[in-house]
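The values are calculated or read from the model by the stated rules, or taken from the named source; none is laboratory data. Just so we're clear, the structure is a prediction, and the values are computed from it rather than from any experiment. Every residue, glycine as well, gets a Cβ built from its backbone with ideal geometry; the counts of neighbours run over all protein chains shown.
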Amino acid sequence: MSDAGKNREIVVRFYESLFNEGDLSVVDELVGDVYVDHQPMAGDGPDALKGAITAIRAANPGMRVSVERALAEDDLVLLHVDAGTHAVAGIFRVEDGKVVEHWEAMQPVPAGSDMFSSAGRSGGDSEDSRRTVLAFFDAVTVERDLGAFDRYLGELYIEHNPDTLNGADASREKFAGAFAALPELRISRKRVIADGDLVAVHHHFQAHADDRGAACVEIFRVAGGRIVEHWDVVQPVPEVSANEHTMF
């Protein structure tokens with residue numbers, strides 16, 4: 001198994017053991033002595049993590065989470081999680097078999113929406129998928145090239161964002177409206193994780209340079225050189241954080 005595959009196994013076991021079983025021993029086993037958390041409601045270090053999990057499970061008795069997608073590349077693992085009332089996208093950095101850093105975006109799931117299902121898997125090469133997604137992402141966010149929706153999205157494009165319809169036309173119109181309403185809009189790419197036909201992009205969305213903005217994780221599925229499915233999780237950056245780090 002590749003190092004990325006081993007990291008995926010570590011992170012999935014760590015996450016499911018904590019949230020589904022309340023097993024704090026996995027923190028001692030799988031978390032580094034130095035653990036940096038960019039989640040604004042969390043402190044740094046293993047002890048802070050234990051305290052946060054204990055509080056979350058106490059406030060949500062019987063809670064269960066479902067890992068819907070797990071992408072791994074090099075030292076990064078992304079989990080796309082159905083936490084019932086919320087969608088969660090967590091990014092974990094693994095070093096020498098230990099989880100040492102964490103970023104997250106969390107968003108309420110509107111009633112009746114489908115933020116998690118999938119039309120299937122396409123297989124494919126990670127690097128080919130990365131090239132397709134980044135060519136599309138940069139064309140739209142940097143060059144504001146709305147023609148990219150026609151060049152890179154599939155004829156059948158499935159959208160899981162609860163505010164956007166399926167199809168390239170709906171997404172193109174959404175971005176055209178955003179660019180018109182927000183002339184200083186900034187979308188800053190932070191991390192990319194490519195794993196087969198899936199590519200996750202972690203970015204900072206700001207209406208203007210002084211806007212705290214939102215932390216966003218977008219997951220794209222690629223088939224036949226086209227983007228055919230999309231999920232995202234968006235969390236506003238709060239004014240106050242429990243740690244000294246940014247969300248990025």
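Taking (1) over 13 Å from residue 231 (Cα atoms); (2) touching a helix residue (DSSP H, G or I) at 6+ places or on another chain (Cβ under 8 Å) in turn, residue 103 satisfies each apart from (2). Scanning region 196-232 for residues that are more than 23 Å from residue 246 (Cα to Cα), more than 11 Å from the chain's Cα centre (by Cα) and of a type outside the set (Lys, Arg) gives 196, 197, 198, 222, 223, 224, 225, 227, 228, 229, 230. Of all residues in region 180-200, those that are loosely packed, with under 14 Cβ neighbours inside 10 Å and not small (Gly, Ala, Ser) total 2. Considering only residues in region 129-150 that are free of Cβ contacts under 8 Å to residues at least 24 places away in the same chain and among the small types (Gly, Ala, Ser), the one that is surrounded by the fewest Cβ atoms within 10 Å (Cβ to Cβ) turns out to be 147.
Listed here are the residues, each with its yes/no results for (1) of a type in the set (A, V, I, L, M, F, W, C); (2) closer than 26 Å to residue 239 by Cβ; (3) under 20 Å from the mean Cα position of the chain (by Cα).
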residue	(1), (2), (3)
2	no, no, no
8	no, no, yes
11	yes, no, yes
31	yes, no, no
40	no, yes, yes
52	yes, yes, no
66	no, no, yes
84	no, no, yes
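Residues that are in a loop (DSSP other than H, G, I, E, B) and of a type in the set (S, T, N, Q) were ranked within region 198-248; the one that is nearest to residue 119 (Cα to Cα) is 246.
For (1) at pLDDT 95 or above; (2) of a type outside the set (A, V, I, L, M, F, W, C), each residue gets a yes or a no:
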| position | (1), (2) |
| --- | --- |
| 159 | yes, yes |
| 166 | no, yes |
| 174 | yes, yes |
| 178 | yes, no |
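With respect to (1) more than 22 Å from residue 144 (Cβ to Cβ); (2) without any contact (Cβ under 8 Å) to a residue 60 or more places away in the chain, the lone exception for residue 209 is condition (1). Can you find a residue in region 124-135 that is at pLDDT 95 or above, in a loop (DSSP other than H, G, I, E, B) and either under 29 Å from residue 8 (Cβ atoms) or assigned by TED's automatic domain parsing to the domain that holds residue 202 (or both)? The answer is no; no qualifying residue exists.
Checked against (1) surrounded by 15 or more Cβ atoms within 10 Å (Cβ to Cβ); (2) touching a Gly at 6+ places or on another chain (Cβ under 9 Å); (3) farther than 20 Å from residue 101 by Cα, residue 224 passes all but a single condition, namely (1). Residue-level check: of (1) in contact with a Ser or Thr (Cβ under 8 Å, 6 or more places away or on another chain); (2) at positive phi, residue 108 misses just (2).
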